[in-house]
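Enquirer: One structure is given below, represented as structure tokens, and several questions about it will come after.
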Amino acid sequence: MSAIEAVPAGAVDSPAALRSTAPRGRLVVRGRGWLIRRALLTADVFGLTLAFLISQLTTRSLKGVDGTSDVYFELGLFLIALPVWVVSAKLAGLYRRDEELADHSTADDVLGVLQLLTLGTWLAYAGVSVLDIGNPQLRKFFAFWAAAAILVTSGRAVARSICRRLPAYVQNTLIVGAGEVGQVAARKILQHPELGLRIVGFVDPFPKPRVAGPGQLPILGLPSATPALIAQHEIERVIVAFGAEPHEDTLALIRELKNQPVQVDVVPRLFEIIPATAELHSLGSLPLISLPAPRLSSSSLLLKRMMDVFLALVGLVFLAPLAALIAVLIKLDSPGPVVFRQVRVGKGHRKFRVLKFRTMVLDADERKSEVAHMNKHRGNGGDPRMFKIPNDPRVTRVGRILRRYSLDELPQVWNVLRGDMSLVGPRPLILSEDSHVDDWARRRLDLKPGITGLWQVLGRDAVPFEEMIRLDYIYVTTWSLWNDVRIMVRTFGAMGRGERSPQVARSLAVAAARETCEPAAP
């Protein structure tokens, strides 16, 4: 199929082409929503029950056997509280976000879980204290609250990790619009298989020539065929990416999709400058997207610095054995220093030397010209601002492992303590890369560069240069302390997955799409 060739009309109507992409025996109603709701509910009940047992055992061990405690009363109170938690969590949206938001994670749940847990625990304590029933003990309620905060959030993380490995978690996805925006959406999905989205194809009356990756996905027909395609391919998510279709036709399609059992995502215009933290409000019937003003006050920056110093000190203590082991392995693997130093551009254009564990051979810089022809950005379609060599022969055996899991970044904790960097921030650029950043994008230097950031959790080296700069700009102009916490939590997930090349991710997703749209073998 060529870049702009559509699937023939007969192919869409053939029974072989319309076979379900879901595993045999899977029902549409038992997709991601059905799976994740039950998994999270199980994790909550298990975590709360274990927290209750821990609170009973620890408080008894602190004081010995407490004969005045009414264990049966406390058990009854807990059994009453369980269904109250489930209903409250449902009302707070803690069970439905994963079905609606493709990139929802446990980090996004933490604040809601803590709020609900804190409110429920201390309202229960206040109630039994005021009514003077059950001999309430403050330390027992505190032990339950602390244990539940850890167990419920970690249980949810484990539940999501398990669900993402199951076929039922995958949502068949249709993209309306095969123009530039639709192809951007497709490329991001192909680069992030952990989102659990399988692209069935595009619908578009005027598809543009497509690039590698999205170019291998089929055009299934016109947008008017979308309702029929939803039933034929068991579509669970439709992404509407504005294209060349008239505005009225796109509106009519979205209104029609509201009658379908699918999740509808609409890519907003001017999406390049709209951050995830933007809020929606209205003037009468006119919805408005509110872009938050930059919050870089002195007090906010002080809080950020205090968090950096505290967590960096904790990290130095707990990561010291791992760092020592890595240093020994580097020395045994190849000659040269353990730590690599490189000049980077920091806050306010100030230059500093970033510290990293050495992952290349000692003469890597001298051999750069020898491997320049392997640069994936060399030639047409590449980005001359970037130098990236897949399977670089200059990388050592230990270095490949360190790079895959970002362990080579550990010495940057010292950069954080020195004040050169922050735990979370824009990507620290080398001088040659910084020279390509102009105009509005210079705002990225209003904050210190970070060990991690949006670029780290959204793709690492797979993120194109322009998008990385845009992510840094959005991070700086919408900064909040809570967003830093969310990025740090999501970083651990990205490190656990390791580095997956965009080519591997793309090939997996395209293979799934081909399975969706190609006729079955006789």
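Just so you know, all these numbers are worked out from the coordinates, no wet-lab data involved. Fair warning: this is a prediction, and the values are worked out from it, not measured in the lab. Quick reminder, even Gly has a Cβ in these numbers, built from the backbone with ideal geometry, and neighbours come from all protein chains shown.
Enquirer: If I model a spin label at residue 481 and residue 296 as a point 7 Å from the Cα along the Cα→Cβ vector, what separation in nanometres do I get?
Expert: Distance between label points: 1.9 nm.
Enquirer: Which cross-chain or sequence-distant (5 or more) residues have an amide H under 5 Å from the amide H of residue 171, H modelled 1.01 Å from N in plane?
Expert: 197, 198
Enquirer: While we're looking at this one, here's another question. With an 8 Å cut-off on Cα pairs and a minimum separation of 6 or more residues, tell me the relative contact order of region 146-235 in percent.
Expert: The value is 28 percent.
Enquirer: Taking 0.36 nm per residue of sequence separation and subtracting the Cα-Cα distance, how much length would be gained by fully extending the chain between residue 256 and residue 50, in nm to one decimal?
Expert: Full extension from residue 256 to residue 50 adds 69.5 nm.
Enquirer: Follow-up question, since we're still on this one. Give me 90, 258 sorted ascending by neighbouring Cβ count inside 10 Å, so fewest comes first.
Expert: 258, 90
Enquirer: Does region 298-479 come out rounded, prolate or oblate, given a ≥ b ≥ c as the square roots of the eigenvalues of its C-alpha gyration tensor, rounded meaning a/c under 1.5 and, failing that, prolate meaning a/b above b/c?
Expert: On the way: a/c = 2.05, a/b = 1.10, b/c = 1.87.
The shape class here is oblate.
Enquirer: Kindly write out, for region 197-207 in residue order, the coupling ³J(HN,Hα) from the Karplus curve 6.51 cos²θ - 1.76 cosθ + 1.60 (θ = phi - 60°), rounded to whole Hz, with x marking Gly and Pro.
Expert: Values, residue by residue: 10, 9, 6, 6, x, 10, 10, 5, x, 10, x Hz.
Enquirer: Count the DSSP beta bridges whose two residues both fall in region 298-479, then state the antiparallel fraction as a percent rounded to the nearest 5.
Expert: On the way: 10 of 12 bridges.
If we restrict to bridges inside region 298-479, about 85 percent are antiparallel.
Enquirer: Can you pull the semi-axes for region 32-163, root of five times each eigenvalue of the Cα gyration tensor, sorted largest first, whole Å?
Expert: 30, 15, 12
Enquirer: For residue 313 paired with residue 365, estimate the spin-label separation in nm (one decimal), with each label point 7 Å from Cα along the Cα-to-Cβ line.
Expert: Result for the modelled spin labels: 3.5 nm.
Enquirer: Still on this structure, I have one more. Label residue 276 and residue 38 with points 7 Å out from Cα along Cα→Cβ: what is the distance between them in nm?
Expert: The answer from the label model is 2.8 nm.
Enquirer: For residue 340, which sequence-distant residues (separation of 5 or more, or a different chain) have an amide H within less than 5 Å of its own amide H, given hydrogens modelled in the peptide plane?
Expert: Amide H neighbours of residue 340: 356, 357, 358.
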